[in-house]
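K.L.:
Pasting a structure below so you can have a look.
The values are calculated or read from the model by the stated rules, or taken from the named source; none is laboratory data. None of these values were measured; they are calculated from a predicted model. Every residue, glycine among them, receives a Cβ derived from its backbone with ideal geometry; neighbour counts consider all protein chains shown.
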Amino acid sequence: MSVGETARGLLELARPVNVVAASVLTFIGAFIAGGLTAYPLAVGAAIGATAFAVGAGNAINDYFDREIDRINQPDRAIPRGAVSPRGALVYSVCLFAVAVALALTLPRVAIAIAGVNLLALVTYTKLFKGLPGLGNALVAGLVGSTFLFGAAAVGNVGPAVVLFVLAAVSTLTREIIKDVEDIEGDREEGLNTLPIAIGERRALLVATGLLVLAVLASPAPYLLGYFETAYLLVVLPANAVMVYAAYESFEDPTAGQSHLKYGMFLAALAFIVGRVATELPSL
């Protein structure tokens with residue numbers, strides 16, 4: 001195997017698109033907490049820690065899933081021989097080490113969040129992936145915590161708490177809807193997802209109920225004085241899109257989970273708009 005093919009395989013293991021997406025979420029968390037100009041080094045360390053941790057988590061998941069991937073995903077780096085299982089494990093450990101080193105430069109709350117997330121990334125495939133609902137919840141928590149981690153890195157978690165909840169619950173809702181969409185294939189593979197365990201309609205009712213609770217909590221940053229009215233002008237349409245997507249999923253899970261993603265992006269934009277509008281009077 002050539003050096004170029006091995007390098008390509010290592011890059012694939014890290015999932016660069018996921019790495020960039022998670023890094024952007026951490027940046028948004030720091031931004032809405034107002035720490036970009038006051039703590040630029042901390043923001044950089046948080047983004048770096050996120051990037052390396054996500055890459056490490058993806059690599060170690062591929063290491064654990066290598067036998068399944070030989071059947072279901074033979075073109076992935078380990079099954080096709082671009083990277084050996086041992087090489088993938090060493091690569092993951094190295095990425096984790098860099099992530100830990102960067103995280104240790106941050107405040108204690110950020111270090112605690114990083115510690116929990118690193119543990120979750122390592123144990124996801126072996127302990128949680130096959131458990132109904134728990135695997136979905138872990139993924140959702142990891143997505144939401146990227147905002148919280150960015151805010152904690154600059155010492156102001158408060159403004160990001162609601163975004164963490166909204167992102168985590170909307171991600172959980174989407175993960176459950178995706179499991180409904182994939183239920184036939186999951187049954188054939190012997191997985192025990194939430195829709196398989198309790199039924200499709202009940203799973204969708206659980207997902208929708210959780211989303212409604214998150215939506216009800218979404219005005220909190222405005223009510224607590226973190227953001228101005230501009231925040232509400234964006235987050236309320238985002239809520240409407242997400243609630244409609246959850247309703248739509250009962251008839252069309254594919255369309256529902258796709259539209260829910262748009263609502264999640266709009267909700268993140270609401271927090272950015274809220275922060276910018278709050279800063280404008282001081283400019």
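K.L.:
Return the pair list, or none, for Cβ contacts closer than 7 Å from residues in the stretch 219-231 that are assigned by TED's automatic domain parsing to the domain that holds Arg275 to residues that are modelled with pLDDT of 90 or more and of a type in the set (A, V, I, L, M), at least 6 apart or on different chains.
P.N.:
Pro219/Leu232; Tyr222/Leu232; Ala230/Val273; Tyr231/Ala270; Tyr231/Val273
K.L.:
Tell me the residue from Ala59, Ala22, Ala33, Ala49 that is in contact (Cβ under 8 Å) with a residue 40 or more places away in the chain, over 15 Å from the mean Cα position of the chain (by Cα) and closer than 20 Å to Val98 by Cβ, please. Reasoning before the result, please.
P.N.:
Values: Ala22 fails: over 15 Å from the mean Cα position of the chain (by Cα); Ala33 fails: closer than 20 Å to Val98 by Cβ; Ala49 fails: over 15 Å from the mean Cα position of the chain (by Cα).
Testing whether each residue is in contact (Cβ under 8 Å) with a residue 40 or more places away in the chain, over 15 Å from the mean Cα position of the chain (by Cα) and closer than 20 Å to Val98 by Cβ leaves just Ala59.
K.L.:
Sticking with this structure for a sec: Take the conditions assigned to a loop (DSSP other than H, G, I, E, B), in contact with a helix residue (DSSP H, G or I) (Cβ under 6 Å, 6 or more places away or on another chain) and surrounded by fewer than 22 Cβ atoms within 10 Å (Cβ to Cβ) and apply them to Phe227. Does it pass?
P.N.:
no
K.L.:
When the stretch 63-90 is examined, which residues are found to be in contact with a helix residue (DSSP H, G or I) (Cβ under 7 Å, 6 or more places away or on another chain) and either part of a loop (DSSP other than H, G, I, E, B) or modelled with pLDDT of 90 or more (or both)?
P.N.:
Answer for the stretch 63-90, where residues must be in contact with a helix residue (DSSP H, G or I) (Cβ under 7 Å, 6 or more places away or on another chain) and either part of a loop (DSSP other than H, G, I, E, B) or modelled with pLDDT of 90 or more (or both): Tyr63, Asp65, Arg76, Ala77, Ile78, Pro79, Ala82, Val83, Pro85, Ala88, Leu89.
K.L.:
Next up: Please work out which one of (1) closer than 26 Å to Leu13 by Cα; (2) in the same structural domain as Phe271 (by TED's automatic domain parsing); (3) not charged (D, E, K, R) is the condition Pro85 fails and give its number.
P.N.:
Pro85 satisfies all of (1) closer than 26 Å to Leu13 by Cα; (2) in the same structural domain as Phe271 (by TED's automatic domain parsing); (3) not charged (D, E, K, R) except (2).
K.L.:
Consider Ile177 carefully, then state whether it is in contact with a helix residue (DSSP H, G or I) (Cβ under 6 Å, 6 or more places away or on another chain), surrounded by fewer than 20 Cβ atoms within 10 Å (Cβ to Cβ), within 25 Å of Arg201 (Cβ to Cβ) and not assigned by TED's automatic domain parsing to the domain that holds Thr50. Full working, then the answer.
P.N.:
Values: in contact with a helix residue (DSSP H, G or I) (Cβ under 6 Å, 6 or more places away or on another chain): yes; surrounded by fewer than 20 Cβ atoms within 10 Å (Cβ to Cβ): no; within 25 Å of Arg201 (Cβ to Cβ): yes; not assigned by TED's automatic domain parsing to the domain that holds Thr50: yes.
When the stated conditions are applied, Ile177 does not pass them.
K.L.:
Six or more apart or on different chains, Cβ atoms under 8 Å: show the pairs whose first residue is in the stretch 64-82 and not assigned by TED's automatic domain parsing to the domain that holds Leu121 and whose second is surrounded by fewer than 19 Cβ atoms within 10 Å (Cβ to Cβ) and not in a loop (DSSP other than H, G, I, E, B).
P.N.:
If the second residue must be surrounded by fewer than 19 Cβ atoms within 10 Å (Cβ to Cβ) and not in a loop (DSSP other than H, G, I, E, B), no pairs are left.
K.L.:
Give just the number: which of (1) under 22 Å from Glu181 (Cβ atoms); (2) without any contact (Cβ under 8 Å) to a residue 12 or more places away in the chain does Leu216 not satisfy?
P.N.:
Condition not satisfied by Leu216: (1).
K.L.:
Among the residues in the stretch 187-194, are any surrounded by fewer than 23 Cβ atoms within 10 Å (Cβ to Cβ) and touching a helix residue (DSSP H, G or I) at 6+ places or on another chain (Cβ under 7 Å)? Talk me through it step by step, then tell me what you get.
P.N.:
First, pick out the residues of the stretch 187-194 that are surrounded by fewer than 23 Cβ atoms within 10 Å (Cβ to Cβ): 187-192.
Checking the rest, the ones that are also touching a helix residue (DSSP H, G or I) at 6+ places or on another chain (Cβ under 7 Å) come to 187.
The answer is yes, given that some residue of the stretch 187-194 is surrounded by fewer than 23 Cβ atoms within 10 Å (Cβ to Cβ) and touching a helix residue (DSSP H, G or I) at 6+ places or on another chain (Cβ under 7 Å).
K.L.:
Let me ask you something else. Which one of these is over 18 Å from the mean Cα position of the chain (by Cα), closer than 25 Å to Phe64 by Cβ and either part of a helix (DSSP H, G or I) or at pLDDT 85 or above (or both): Ala197, Ala203? Walk me through it before giving the result.
P.N.:
Working: Ala203 fails: closer than 25 Å to Phe64 by Cβ.
From the options Ala197, Ala203, the qualifying one is Ala197.
K.L.:
Please state which one of Val98, Val109, Val122 is farther than 20 Å from Val19 by Cα, in contact (Cβ under 8 Å) with a residue 40 or more places away in the chain and in a helix (DSSP H, G or I). Show your work before the answer.
P.N.:
Numbers: Val98 fails: farther than 20 Å from Val19 by Cα; Val122 fails: farther than 20 Å from Val19 by Cα.
Only one candidate passes the filter, namely Val109.
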